[in-house]
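In what follows, a structure is listed as structure tokens, so that the remarks can point back to it.
The values are calculated or read from the model by the stated rules, or taken from the named source; none is laboratory data. A quick note: this is a predicted structure, and the numbers were derived from the prediction, not measured. Here Cβ is always computed from backbone atoms with ideal geometry, including for glycine, and neighbour counts include all displayed protein chains.
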Amino acid sequence: MDKPNVESPAVHCYLGMLQSVVARMASNSSNCKTWCVTLVSAILVLVADKAKPEYVWIAAVPTLLFFGLDAYYLALERLFRKRYNAFVKDLQMNAASFVELFVVDPGAKFWTVICETFRAITSISVFPFYLSVLGMIELARRLVL
């Protein structure tokens, strides 16, 4: 069987799918931050309204959940970008196969995804954001006292 070439419509479609997956992961990451701010703000308003500063840390629960989810989406985004780059490299070296055109996954084992997620936790786009949200929760606790 022939190898796929750069001009092939199937190759363009496959690369487009990988690009859309990367874009979707980036969008999901952004949505995590939006929903986190929304939920934390709502919880803090309720806590301030009831004047119960001991309940402020309830807002930390969605913060930590969205923190993990955001890191996971960033990890998947990175893995799909690696997959994209590896496929393009294989195309350039004439080592790509038609079988690859029908596989849309990050191409990583479970533990690789877990390790990449833990690496993503320390990303400049994830860690400082959620750390500042936790800082704002603590500030709100002190202000409600």
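Between a first residue in the range 58-71 that is over 10 Å from residue 121 (Cα atoms) and at pLDDT 95 or above and a second residue that is surrounded by 15 or more Cβ atoms within 10 Å (Cβ to Cβ) and basic (Lys, Arg), which pairs have beta carbons less than 8 Å apart while being 6 or more apart in sequence or on different chains?
Note: pairs meeting the criteria are 66/33.
For every residue, the table says whether it meets (1) surrounded by 17 or more Cβ atoms within 10 Å (Cβ to Cβ); (2) not in a helix (DSSP H, G or I).
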residue	(1), (2)
23	no, no
45	no, no
61	no, no
74	yes, no
79	yes, no
96	yes, yes
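If you take the residues of the range 32-43 that are exposed (fewer than 15 other Cβ atoms within 10 Å of the Cβ) and not hydrophobic (A, V, I, L, M, F, W, C), which of them is farthest from the chain's Cα centre (by Cα)?
Here the answer is 41.
Are any of the residues in the range 109-122 in contact with an Asp or Glu (Cβ under 9 Å, 6 or more places away or on another chain) and crowded, with 19+ Cβ neighbours inside 10 Å?
Taking every residue of the range 109-122 in turn, at least one turns out to be in contact with an Asp or Glu (Cβ under 9 Å, 6 or more places away or on another chain) and crowded, with 19+ Cβ neighbours inside 10 Å.
On the given criteria, is residue 89 at pLDDT 90 or above, over 24 Å from the mean Cα position of the chain (by Cα) and either among the polar types (S, T, N, Q) or surrounded by fewer than 18 Cβ atoms within 10 Å (Cβ to Cβ) (or both)?
Answer is yes for this residue.
Output the residues belonging to the range 123-144 that are in a helix (DSSP H, G or I), within 16 Å of the chain's Cα centre (by Cα) and surrounded by 15 or more Cβ atoms within 10 Å (Cβ to Cβ).
Let us first name the residues in the range 123-144 that are in a helix (DSSP H, G or I), namely 127-144.
This time we only want the ones that are within 16 Å of the chain's Cα centre (by Cα), so: 127-130.
Residues satisfying the conditions are 127, 129, 130.
List the residue pairs whose Cβ atoms are under 6 Å apart, where the first residue sits in the range 14-27 and is over 14 Å from residue 85 (Cβ atoms), the second is of a type in the set (D, E, K, R) and surrounded by 12 or more Cβ atoms within 10 Å (Cβ to Cβ), and the two are 6 or more positions apart or on different chains.
Correct list of pairs: 25/77; 26/77.
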